[in-house]
Amino acid sequence: MFPATHSPASECDDEARLIEAIRTDGHVDLYASLVRRYQDRLFQAVYGIVGDRDVAEDLTQEAFIKAYLSLDEFRGACRFYSWLYRIAMNVGRDWLRHQVVADRYDQLPERQVPDTPEQVLYRNELAGRIDAAMRELPEKYREAFHLKHVEGLSYDEMAALLDLPVETLKVRVHRARSMLQHLLHEEAP
């Protein structure tokens, strides 16, 4: 239906016409052509994050479904693959978050000694101070710190997720730590 050419500009034009046809006519078969075009590339990106082929297949499929259901939100300001990639990364992050929470839950001892009210109060105050300090960090440092220390990702996993060099991420995490230390020291009573 749309001729294949090798020019990036004409490829974008073809893609834009294809997406518009999907939006206006709801042709699932046209969307299937986008899936075929990007499924291997997207699968590799998701697999790089989760490290499990079966999970990556499921998450890639979920990303394509979410993209189809949200196609009206695609504004064309970026290439379709960039938009699809961001959806897939969010799906992957959500899955990783769930895994981290599930792993932490599985690792809890069967019986814990209850905290004293003072311990609960201290922990809640400290968590509030840390959350406030995290909100003050610039987004790029907050994201890197969160992926490394909250989600527990390796630098290689972070690099695949954010499409950034490992060294850049190490610098961002280091700067985030320094900023947090400074912010928390300023806030200390």
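Each value in this text was obtained by applying a stated rule to the coordinates, not by laboratory testing. This structure is a prediction, so every number in the text was calculated from the model and none was measured. Cβ placement follows ideal geometry from the backbone for every residue including glycine, while neighbour counts extend to all protein chains displayed.
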Nearest-0.05 FRET efficiency for residue 32 and residue 97 at R0 = 45 Å, using Cβ-Cβ distance, is 0.90
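Any chance you could run the full-extension gain for residue 122 through residue 81? It's 0.36 nm times the residue separation minus the Cα-Cα distance, nm to one decimal. Working shown, then result.
Numbers: separation 41, 0.36 × 41 = 14.76 nm, distance 4.63 nm.
Answer, rounded to one decimal: 10.1 nm.
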